[in-house]
Amino acid sequence: MNIGWIKILGATFFELMWITGLKYAELPWEWAVTCLSIMGSSYCLITAGNTLPVGTAYSVFVGLSSIGTILVEFLGFGILPSFWQLVFMVTLIVGVIGLKLLNEQVER
């Protein structure tokens, strides 16, 4: 696996942390973790662009972050996704897989 894809996963993880932090952080240390997560997400995404096509990397990042946010709300806070959120999550997953497969064909 290309290190760029690992960085995209890291950027997504940090993204989910700071998005959750913006909504739920109250204590100073929680805000500190939120701020560090913003920096971690930015760093991972920017450096992933060194080894991956930027458009593909950003599209995958946004798709994973969107899906991850809905899953965090559901699994962590009991907020059920709507029918349309589920439909568009599936659409995003198909798009991310398509971009990954297309990127592999272009690299050959």
Problem set entry | Per-region count, region 86-108, residues at pLDDT 85 or above and open to solvent by 70 Å² or more (accessible area, probe 1.4 Å) | 5
For this session: State yes or no: is Ser41 within 12 Å of Leu64 (Cβ to Cβ) and either free of Cβ contacts under 8 Å to residues at least 40 places away in the same chain or in contact with an Asp or Glu (Cβ under 7 Å, 6 or more places away or on another chain) (or both)?
Result: yes
Problem set entry | Residue in region 82-93 that is touching a Gly at 6+ places or on another chain (Cβ under 7 Å) and under 28 Å from Asn2 (Cβ atoms) present | yes
For this session: May I ask you to list the residues in region 9-68 that are under 14 Å from Val96 (Cβ atoms) and open to solvent by 30 Å² or more (accessible area, probe 1.4 Å)?
Result: Leu9, Pro53, Gly55, Tyr58, Ser59, Val62, Leu64, Ser66
Exercise. Within the set of pairs 6+ apart or on separate chains, which have a first residue in region 18-36 that is farther than 23 Å from Ser66 by Cβ, a second that is open to solvent by 60 Å² or more (accessible area, probe 1.4 Å) and of a type in the set (Asp, Glu), and C-beta atoms under 7 Å apart?
Worked result: none
Problem set entry | Hits in region 54-87 - residues which are touching a residue at least 12 places away in the same chain (Cβ under 8 Å) and of a type in the set (A, V, I, L, M, F, W, C) | Ala57, Val60, Phe61, Leu64, Ile67, Ile70, Val72
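The values are calculated or read from the model by the stated rules, or taken from the named source; none is laboratory data. Just so it is clear, the model here is predicted, and its values are computed rather than measured. Backbone-built Cβ (ideal geometry, glycine too); neighbour counts: all protein chains shown. Ligands, DNA and RNA are stripped out before the accessible areas are found, and what is left, the full protein with its side chains, is counted by its heavy atoms. Shrake-Rupley method; radii C 1.70, N 1.55, O 1.52, S 1.80 Å.
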